[in-house]
Structures are given as C-alpha cells and as structure tokens.
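Engineer: Pasting in a structure now, in structure tokens, and then I'll have a few things to ask.
The values are calculated or read from the model by the stated rules, or taken from the named source; none is laboratory data. Remember, predicted model here, so these are calculated numbers, not experimental data. Using ideal geometry, Cβ is built from the backbone for each residue, glycine included, and neighbour counts are taken over all protein chains shown. Remember, those area values only see protein heavy atoms, side chains included, never the ligands or the DNA or RNA. Shrake-Rupley method; radii C 1.70, N 1.55, O 1.52, S 1.80 Å.
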Amino acid sequence: MINKFGSASKLEMELLEKNYNINLPSEYKEFLFNYNGGVVDKKEENKIYIKDLDEYINIDVLYGINTESRTSDIATWMNKLGDDLIEGSIIIGDDLLQGMIVMITEGDFKGIYYWDDSYNFDSSSDDENTYLIFNNFKELLDKIEG
C-alpha cells in the first residue's frame, strides 16, 4: 500500500536526528531503512478518522531522506515549517489536502498528529489546528499497510 522511495542509510538517519535535534523511534528508523518514505495508495480503507474534527483524511505521501523529489523530502518541509513545531517534532508526510503529518518523538504529547497548517477544516484556528491521530508510528503504518 506504499510505493516506496528506496532505502535510507543509518548515516542519513543519524544526520537527520542531529540536524533537527530529535531522537527517532526505532520503528520509524526501520521504516526509513526499508522504504525511505513513499506514496500511499488512496484507498477507502486507508482513510484516517480524526476524532476532534469528525473528519477523514487520506495520507498522500510519507516523506523520506534525500529523495529524488524535494517535495517528498523531510528536510524540505522541516526547513520551511520546522520553526513552527514544538521541540522533538518532525514533519513526516502530508495528506491530500496538504495538511502535514507530524511526529512528536518525546514528552507528554508524543504521537502522530495531523497539522492543519492551511486551515482546510472550518473548525481549525490559530488556537487549535493540530490533532492526535495515532499514539505511535507503528499504529499509522499498520493502518495504511492494511
């Protein structure tokens, strides 16, 4: 269900962690090693329900490291939007509406979030536009891999 971009090396992952001062979870490192991100099949069963919005999203792309396309590269989005994130966060993908999928790797808010940075949903505002969708990356992967 994921058309992968390739494989990220251990060195590339270490540099990513160093550049953005984060500690990637082991299941995410394994994903980067095996897939290095990829385009997600847009199937009905891949829709993700966001309880706080009472809406569904479809993940479009999970980003990778040093991909052939800058728009599919973690660094592109972290360099563009990373200053708007809390410490220990990394942008790992987007949905069809171009909202961001963000992983918070530590602290009380650890998990996978949908960040409606473009305010695609009417209920999103400056005060509330980030919504928990999964407790960890494995839950996300289990959902989209079926």
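Engineer: Sequence gap at least 6, Cα distance under 8 Å: using those rules, report the relative contact order of the chain to the nearest whole percent.
Structural biologist: 21 percent
Engineer: Specify the longest stretch of the chain that does not include any exposed loop site, a site being one of the GluC sites (Glu not before Pro) with a non-H, G, I, E, B DSSP assignment and at most 11 other Cβ atoms within 10 Å.
Structural biologist: Maximal segment without exposed cleavage sites: 1-67.
Engineer: How much area per residue is accessible in the chain when the probe is 1.4 Å and only protein heavy atoms are counted (Å²)?
Structural biologist: Counting only protein heavy atoms, the per-residue value for the chain is 55 Å².
Engineer: A further question follows. Would you tell me the accessible area of THR76, worked out with a 1.4 angstrom probe on the heavy atoms of the protein chains, in Å² to the nearest 10?
Structural biologist: Only protein atoms counted, so the area is about 30 Å².
Engineer: Simple spin-label model, 7 Å along Cα-to-Cβ: SER9 to ASP52 in nm?
Structural biologist: The modelled label-to-label distance comes out at 3.9 nm.
Engineer: With unit charges on the beta carbons (Lys and Arg positive, Asp and Glu negative) and the dipole taken about the Cα centre of the chain, which residue among LEU11, ILE91, GLY107 sits farthest to the positive side?
Structural biologist: After comparing all options, I get LEU11.
Engineer: If I build a Gaussian network model for the chain, linking alpha-carbon pairs within less than 10 angstrom, which residue out of LEU132, LEU96, LEU62 has the largest mean-square fluctuation?
Structural biologist: Comparing LEU132, LEU96, LEU62 in the GNM, the peak value goes to LEU96.
Engineer: Using Cα springs under 10 Å in a Gaussian network model of the chain, which residue among ASN129, ASN34, ASN19 shows the largest mean-square fluctuation?
Structural biologist: Maximum among the listed residues: ASN19.
Engineer: If you roll a 1.4 angstrom probe over the protein chains with everything in place, what fraction of the accessible area of the chain belongs to carbon and sulfur, to the nearest %?
Structural biologist: Here it works out to 44 percent.
Engineer: With just the Cα atoms defining each centre, how far is region 81-143 from region 34-55? Give it in Å.
Structural biologist: Each part reduced to its Cα centre gives a spacing of 12 Å.
Engineer: Per residue of the chain, what 222 nm ellipticity follows from adding -39500 (n - 2.57) for every DSSP H run with n ≥ 4, rounded to the nearest 500?
Structural biologist: For the chain, the value works out to -7000 deg cm²/dmol.
Engineer: Follow-up. If you work out mean projected area of the Cα convex hull in nm² from the coordinates, which of [x] 10.3; [y] 10.8; [z] 8.0 do you get?
Structural biologist: Working out mean projected area of the Cα convex hull in nm² from the coordinates points to [z].
Engineer: Exposed loop sites here are trypsin sites (Lys or Arg not before Pro) in DSSP loop states with at most 11 other C-beta atoms within 10 Å. What is the longest stretch of the chain lacking them?
Structural biologist: 52-146
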